[in-house]
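Following: one structure in C-alpha cells, then a few remarks.
The values are calculated or read from the model by the stated rules, or taken from the named source; none is laboratory data. Bear in mind the structure is a predicted one, so any value in this text is a computation, not a measurement. Here Cβ is always computed from backbone atoms with ideal geometry, including for glycine, and neighbour counts include all displayed protein chains.
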Amino acid sequence: MNPKFWTEICRISRELSDEDNILVVSHHDADGITACGIMIDLLRHFKKKSESMVIKQLDSTTIGKINNSDHDAVVFTDMGSGQFSLLRENKIRNFYIIDHHPPEKEYEKQINPHFYGYNGGLDISGAGLAYLVAKSLGHAKMAHLAVVGAVGDMQDSDGKLHSLNRIILQDGINLGSVKLKYDLRLFGRQSRTITQMLCYSSEPVIPGLTGDENACANFIQNLGINLRRDDNLWKHYVDLTHEERQKLTTSLYIHLLDSGIPEYIVQGMIGEVYTLLNEEKRTELRDAKEFATVLNACGRQGQPETGVKICLGDRGEEWGNARNLLQRHRKMLREGLEYLKSNPPRGLDNLYYFDAGDIIDENIIGVIAGMAYGARIISPDKPILAFADDKDDRLKVKISARANWGLVRSGIHLGNALRENSRIFGGEGGGHNIAAGARIPREKIDEFLRNMNETFKAQTARKL
Ligand SMILES: [Mn+2]
C-alpha cells in the first residue's frame, strides 16, 4: 500500500478519534451501509457518542437534516467527495470525508484513494476505507464487512478483488472471518437450493435452465447428484462435495458453450467467492455477495438502518425484518425485469435507454438497468440509461446509467458523462465509470439523450 496514503489515513483517523458526539452520514447501498456499520462499531469501541443517518443522496433536504441534528462532528462515508462544494456552501461544520468516489477538491479531512493513484471504482470501496480508518486506530475487526462492501459495489466483477481490497481480504482471512475460494459464482450458493440457484440464474442466463425448475432438477439429477441431503433437506450448492461441485461446474460450462454463450461470459461464472465464516451456513449472510444483496434490499426498501444493525451483529428481530425486505425487494426486481422484457430498451448509435415512468421505483431502476445485460435483454456493446419518475419532484426524472468493464476499457465513463450533461440541463449527477446516476427536468429527456449519445461517441473515440 502507498505509504503516503497510509500516513494520511493515520493522521486523519487520529484527529477523528479526538472528536465526540459524532454523526455518521452514509449512502444507502450495501457499501454505504457496511461503511456506516464499520464506523459506528469503531466509535462505540472508543465509547464515543454517535448516531447514523443513511441516505439516498446529499441534497438540500438531507443537508438541512444534518445541520439541524445535534452533533459536534460529521463523518461522511461512501459519499461527500463529489459534493464537497455543496457541503461547504451549506456550512456543514467540522466534517470528515471517507469516500472512494472521484473527489472535487483536496481537503485536509478527506480520505480519498484517488489522490494516491488508486482507482476508487476497483481498488477499494467506501467500506474498505472505513475499515482502514478502524485498522489505523488498532481496531481491525470488520474486514469481512469491507469485503461485503467491495462486492456490493461490484469491485470483484472481473472475478477477483484487487489492490487495497486484496489487502483487506487478506486481513479477513488472517483473522479467520473470511474464507477465499475459487468456485462457481452463481448467486445463491448459500441460501438457495441448487435447483433454485440454477433456475433463478440471471448472470448468466442459462438457456434451457433459467426459469424452468423441472429442467434444472433433471440437469442436476442426470449428473448423479441427489437433490436431497441424507437428512432429507434440499441440498444447497454449499452442501455439495468437492467432486459434485466440479461435476456441476463442468457440465454447466459445457452446456453454456454449447448454447452459444460467449466464452468470456461463461468464464465469468467461475472466480473468487468469499465466505463469511462467523455466519450461519446456508444463510444469505454467509456469502459476501448474498450479504450485500440483503443490505441493498434494506436500503432500497427504505430501511437502511436495519442493514446497519445487521452489520453490527443483530441476528434477531432486525434479521427477520431484513429477510422480509429482501423478499419484497426480489418481487420488485422480478416485476421490473418483466416490464423490461415486454418493453425492451431502445437504442441510439451509442447507448440504450428506456423510460419506466412510475412503473419502476427510482430506487431500483439502476439495478434493473444493470440486470438488462445479464438477462440478455440488451447486448453488452453500449451503455444503458434508465429513466424513472422522481418521487419527490414530478417535474424531474431520475436517471441511472450502467455499463460493463468491456465498455469502460473502451473509454466509457458514465460518471463524467452524466455530470457534464446533467449540468447543461439544470440537473445534477455523477458517479463511477461503470455505474452512475443523475436527475434532470423531465422535459429535457430528448435533448439530454442526444447529448449523451455524442458524449459516449467522443469518449470511445478518444480511446481509439
Ligand atoms: Mn461505494
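Taking each residue of the range 135-155 that is part of a helix (DSSP H, G or I) and looking for partners that are acidic (Asp, Glu) and away from the ligand (no atom under 13 Å from the Cβ) with beta-carbon atoms closer than 6 Å, six or more apart or interchain, yields Ala143/Asp171. Would you check if there is a residue in the range 75-96 being at pLDDT below 95, within 16 Å of the ligand (Cβ to nearest atom) and farther than 29 Å from Asp287 by Cβ? There is at least one residue in the range 75-96 that is at pLDDT below 95, within 16 Å of the ligand (Cβ to nearest atom) and farther than 29 Å from Asp287 by Cβ.
A quick yes/no check of all residues on (1) within 16 Å of the ligand (Cβ to nearest atom); (2) within 21 Å of the chain's Cα centre (by Cα):
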site: Val151; (1), (2): yes, yes
site: Ser157; (1), (2): yes, yes
site: Met197; (1), (2): no, yes
site: Val205; (1), (2): no, yes
site: Gly208; (1), (2): no, no
site: Gly211; (1), (2): no, no
site: Ile220; (1), (2): no, no
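The number of residues in the range 286-323 that are farther than 20 Å from Met39 by Cβ, buried (at least 19 other Cβ atoms within 10 Å of the Cβ), touching a residue at least 40 places away in the same chain (Cβ under 8 Å) and of a type outside the set (S, T, N, Q) comes to 5. For the range 174-197, enumerate the residues that are without any contact (Cβ under 8 Å) to a residue 60 or more places away in the chain and not in a helix (DSSP H, G or I). Listed by number, the residues that qualify are Arg192, Thr193. The selection criterion, being over 22 Å from the mean Cα position of the chain (by Cα) and either of a type in the set (Lys, Arg) or farther than 24 Å from His144 by Cβ (or both), holds for Asp258.
Going by what's in this entry, would Gly121 be described as in a loop (DSSP other than H, G, I, E, B), out of contact with any Gly (no Cβ under 7 Å at 6 or more places or on another chain) and either of a type in the set (Lys, Arg) or within 15 Å of the ligand (Cβ to nearest atom) (or both)? Yes, satisfied.
Residues in the range 23-43 include none that are assigned by TED's automatic domain parsing to the domain that holds Gly152, surrounded by fewer than 23 Cβ atoms within 10 Å (Cβ to Cβ), over 27 Å from the mean Cα position of the chain (by Cα) and more than 25 Å from Leu169 (Cα to Cα). Ile66 fulfils the conditions (1) more than 13 Å from the ligand (Cβ to nearest atom); (2) under 25 Å from Gly121 (Cα atoms); (3) at pLDDT 95 or above except for a single criterion, (2).
Among the residues making up the range 438-453, a single one is in contact with a helix residue (DSSP H, G or I) (Cβ under 9 Å, 6 or more places away or on another chain) and closer than 21 Å to Gly406 by Cβ: Met452. Just wondering, is there one or more residues in the range 255-269 that are among the charged types (D, E, K, R) and more than 27 Å from Gly406 (Cβ to Cβ)? For the range 255-269, residues among the charged types (D, E, K, R) and more than 27 Å from Gly406 (Cβ to Cβ): absent.
Looking across the range 19-43, the residues that are away from the ligand (no atom under 16 Å from the Cβ) and free of Cβ contacts under 8 Å to residues at least 60 places away in the same chain come down to Asp20, Asn21, Ile22, Leu23, Leu43.
Listed by position, the helices (runs of 4 or more DSSP H) contained in the range 237-355 that have at least 3 residues being modelled with pLDDT of 95 or more and touching a strand residue (DSSP E or B) at 6+ places or on another chain (Cβ under 9 Å) are 242-258, 288-300, 304-311. I'd like the residue in the range 284-321 that is among the aliphatic types (A, V, I, L, M) and farther than 21 Å from Leu43 by Cβ and, out of all such residues, is nearest to the chain's Cα centre (by Cα). Checked the range 284-321; the qualifying residue nearest to the chain's Cα centre (by Cα) is Ala292.
Restricted to the range 70-107, and to residues there that are touching a residue at least 60 places away in the same chain (Cβ under 8 Å) and out of contact with any helix residue (DSSP H, G or I) (no Cβ under 7 Å at 6 or more places or on another chain), the residue that is surrounded by the most Cβ atoms within 10 Å (Cβ to Cβ) is Gly82. Per this entry, Asp99 is counted among residues that are within 16 Å of the ligand (Cβ to nearest atom), in contact with a strand residue (DSSP E or B) (Cβ under 7 Å, 6 or more places away or on another chain), of a type in the set (D, E, K, R) and at pLDDT 95 or above.
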